[in-house]
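Note sheet for the following structure.
The values are calculated or read from the model by the stated rules, or taken from the named source; none is laboratory data. Quantities reported herein were computed from a predicted structural model and do not represent experimental measurements. Because the Cβ atoms are built from the backbone with ideal geometry, glycine has one as well, and the counts that use them run over all protein chains shown.
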Amino acid sequence: MLSGCSLIGQQNELTIWVTDSGNSVSYKVPVGSTVSQALDYLNIKLDTLDRTDPTLISLLSDGQTIKIIRVKEEFEVVDSVLPFEQQTIKNESIAEGHKILIQSGVNGLQQTTYRIVFEDGIEVSRTVVKTEIIQQSKPEIVMIGVQSPYTAVSISGIIVYISSSNAWIMENNTGNRRAVVTTGDLDGRILTLSPDRKWLLFSRSPQESNTDVINSLWIVDITDTNPEPIDTKIRNVVHYAEWIPGKNQTFTYSTVEPRSVAPGWQANNDLQMYSFDENGKKLNNKVIVDSNSGGQYGWWGTVFQWSPDGSRLAYSRPDSIGLVDYSTGEMQSLIDFSPYQPKSDWAWVPSISWSENNQIIYTVMNSDGYKQNTPNAAQYDLVALLPDSGKIITLSEGCGLFCYPVLSPTDEQGRFSVGFLSSIIPEQSETSRYNLKLMDRDGSNQIKLYPGEGIQGLSPQYIAWSPSSESEEDRWIAFIAQGNILLANPSTSTIRQISGDSSVTKLIWR
């Protein structure tokens, strides 16, 4: 009787239920089994992604149910259309309201790879694994007429300007204008015309998101009836690229390395020379100045300036102005100064312009940097720097950080004028608007050309003189005011507006 009672009170097996793919079956498993041990005992296999409820390490009790969730994943590739963008170009040579289709839009193609997870045959999640652009979309470009009522002005040379991120030229008169680059992506950092007025050098924003590319350098023959831009394969040129005087197919440039932090780059402070043949094919790319630290605030960058005859090369950076030995690449400082302390992530680099005789550099300096006992150290003056003697002559006091002196062509007597900007609020020249002024080469006879009473001052910019002309009355200064091109006549103080689309961001005149 005692033996019989003992067997009845002792339980060696558990009854459990297993639900798999919706079907429930009862099984006997040893007492003390975990979910994992029970499934092994019953020879029920789990795939890698399958899971159970309760978990595999849970201890089972009599009558408990194990639910097996069968998990599978699949990868699906889905093609989708990238709609093309619509771009408009304003053209002042076409009647107002008239539209011309320049380029038809083409949709792009994007492939998206999804990871799809199924539990017991039912989709429970869909996540993007990879997105790849198979074909870039091509924007639709429409030219819209905005013909302005402004009277055309006869001009010498060629005015090149950027409007709505496209390049345009005016030739012979301001009413004769045409587009030469209509890609809609000119970033305005580089825009310069070769000495023979044939090749335009310009920079473009990257075609697609790329953290390794800030922009690219291109050239185009503007004398061609259907100009086609040519990629130089040069990348990341932020501050400087310019033609060597007297060389129609050779220019020098300086590069930067992209960075994820402000300002978005680390300058190399290098100087390289690029030359090409008459068809735009690369001939040579030579390093003149190797990458270097660039002194204090050297992360911002260095600019260079050739003398008019190409015999001398000056440089300017946040802490010094000097000369470059073109044959050796050695940089010789003419004057050192403390960098300007901006209130954000940028650095100030003094602008530099050579006189026609290659003997004087016109630039901007802090009074405290070259004068002793300066009462206002925050004052920035327009000065003449004589490289051969090191002498500095003050020409216009308090013109501000962004004075940007530009010299006119010389007359038959070797005389020239200096056009420059002058800060309206000298003590706050970093944020101030500017007046357009004119003076003789020695700083005398200063006059204000623009703006008039009640008109907003100018944003900082380089002005542009018209090329040499026989008559003083045919000499003009071009500048940008509120997105339009204006001409100022120094001899008559006449102001002419020659564009009206309010989209101009940069101009040159050669």
*Considering only the stretch 306-330, how many residues are more than 16 Å from Gly295 (Cβ to Cβ), in contact with a Phe, Trp or Tyr (Cβ under 8 Å, 6 or more places away or on another chain) and in a loop (DSSP other than H, G, I, E, B)?*
3
*Considering every residue within the stretch 104-112, establish whether at least one is in a strand (DSSP E or B), under 33 Å from the mean Cα position of the chain (by Cα) and under 30 Å from Thr174 (Cβ atoms).*
no
*Name the one entry in Lys233, Lys247 that is more than 29 Å from Gln359 (Cβ to Cβ), among the basic types (Lys, Arg) and either surrounded by fewer than 18 Cβ atoms within 10 Å (Cβ to Cβ) or in contact (Cβ under 8 Å) with a residue 60 or more places away in the chain (or both).*
Lys233
*Mind checking which residues of the stretch 437-476 are of a type in the set (A, V, I, L, M, F, W, C), free of Cβ contacts under 8 Å to residues at least 60 places away in the same chain and more than 12 Å from Pro405 (Cβ to Cβ)?*
Ile447, Leu449, Ile455, Leu458
*Single match in Arg204, Arg177 (criterion: modelled with pLDDT under 95 and surrounded by 19 or more Cβ atoms within 10 Å (Cβ to Cβ))*: Arg177
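So if I check each of Val77, Val25, Val81, which one is surrounded by fewer than 15 Cβ atoms within 10 Å (Cβ to Cβ) and either under 30 Å from Gln103 (Cβ atoms) or of a type in the set (Phe, Trp, Tyr) (or both)?
Values: Val77 fails: either under 30 Å from Gln103 (Cβ atoms) or of a type in the set (Phe, Trp, Tyr) (or both); Val25 fails: either under 30 Å from Gln103 (Cβ atoms) or of a type in the set (Phe, Trp, Tyr) (or both).
The conditions single out Val81.
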*Identify all residues within the stretch 396-406 that are under 22 Å from Trp306 (Cα atoms) and either part of a loop (DSSP other than H, G, I, E, B) or more than 28 Å from the chain's Cα centre (by Cα) (or both); write none if there are none.*
Leu401, Phe402, Cys403, Tyr404, Pro405
*Pull up the stretch 436-488, narrow it to residues that are among the basic types (Lys, Arg) and surrounded by 14 or more Cβ atoms within 10 Å (Cβ to Cβ), then point me to the one that is farthest from the chain's Cα centre (by Cα).*
Arg441
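One line per residue, one yes/no per condition, for (1) assigned by TED's automatic domain parsing to the domain that holds Ser320; (2) among the hydroxyl-bearing types (Ser, Thr, Tyr); (3) at pLDDT 95 or above:
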{"site": "Ser338", "(1), (2), (3)": "yes, yes, no"}
{"site": "Ser367", "(1), (2), (3)": "no, yes, no"}
{"site": "Tyr380", "(1), (2), (3)": "no, yes, no"}
{"site": "Asp388", "(1), (2), (3)": "no, no, no"}
{"site": "Glu397", "(1), (2), (3)": "no, no, no"}
{"site": "Gln413", "(1), (2), (3)": "no, no, no"}
{"site": "Gly419", "(1), (2), (3)": "no, no, yes"}
{"site": "Ser422", "(1), (2), (3)": "no, yes, yes"}
{"site": "Glu427", "(1), (2), (3)": "no, no, no"}
